[in-house]
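Working notes, structure below.
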Amino acid sequence: MQSLNLFTATPRLSEDKVKQCVDPKLGAEYPPKAIAKMAAVAALCVQYEADFRPNMSIVVKALQPLLTARQGPPGETPN
C-alpha cells in the first residue's frame, strides 16, 4: 500500500510561492499550514512519472483532516 509523507516525498514549497496561488480576496483569512499541505498534495499529483503519483484514496485521506479542521464546531469561526 502506498503511503503519503508530504515532507519527504515532495520538494519543499516556499511559503511565498504558495501564497501566490491563494485568491487575494481571502486576504489573511486562511490557514497557511493547510494551504501548504494542500499544495504539497497537489505537487504529488502532478509528478511526471505516473508511478510516483498517489492514488485518489491517498489524496482524500491527506486532505480530509483539512476539511474537518475547517468546519470545526457549529458557530465557531475556523482559523
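Assorted remarks:
- Residue list for the stretch 1-54, restricted to those being β-branched (Val, Ile, Thr) and at pLDDT below 85: 8, 10, 18
- Cβ-Cβ under 8 Å pairs, at least 6 apart or on other chains, the stretch 29-54 side within 22 Å of residue 16 (Cβ to Cβ), far side part of a loop (DSSP other than H, G, I, E, B) and of a type in the set (Val, Ile, Thr): 30/22; 35/22; 40/10; 43/10; 44/10
The values are calculated or read from the model by the stated rules, or taken from the named source; none is laboratory data. In this text, all values refer to a predicted model and were calculated from it rather than measured experimentally. Here the Cβ is made from the backbone with ideal geometry for all residues, glycine too, and neighbour counts use every protein chain on show.
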